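Right, one structure below, let's go through it.
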Amino acid sequence: MSYELVICIVNSGFAGEVMDAAKDAGAGGGTIIRGRGTAAKEAEEYFHITVQPEKDVVLIVVPEDIKDGVLREIYKKAGLETRGQGIAFSMPVIDAVGLGDPVTKEEGQQE
């Protein structure tokens, strides 16, 4: 099975909205990391937003076939037009363990 890593960066305190949206689209869970953002004044003026330095970074690994739905739900509930002012994107997961079928001894599992 192929997986995607959905990454969403939102204003601090809005990670719950991101996770609720992702779960509504079929995601099982995620990891929240606290962060601090920076932005040039020109970026704030271009996007017509005030950039808050404290951020929540939400990492969610999902099956590739639900990735688009997860991104859509996150955008609706925590995107730039909301108070969360979130951005979200995805990246392919090349290798992963612990997400699907267990690795067998024949595939390299050590005792």
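Below is a table of values for the structure above.
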| quantity | calculated |
| --- | --- |
| Spin-label pair VAL93/ILE7, simplified geometry with 7 Å Cα→Cβ offset, distance in nm | 1.5 nm |
| Given charges at beta-carbon only (K, R positive; D, E negative), |dipole| of region 1-85 in Debye | 240 debye |
| Estimated distance in nm for a label pair at GLU81 and ILE33, the labels positioned 7 Å out from Cα along Cα-to-Cβ | 3.0 nm |
| Where THR38, THR82, THR31 fall by accessible area, highest first, once all protein chains stay in place (1.4 Å) | THR38, THR31, THR82 |
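The values are calculated or read from the model by the stated rules, or taken from the named source; none is laboratory data. Just so it is clear, the model here is predicted, and its values are computed rather than measured. Every residue, glycine among them, receives a Cβ derived from its backbone with ideal geometry; neighbour counts consider all protein chains shown. All accessible areas refer to the heavy atoms of the entire protein, side chains included, with ligands and DNA or RNA removed. Shrake-Rupley method; radii C 1.70, N 1.55, O 1.52, S 1.80 Å.
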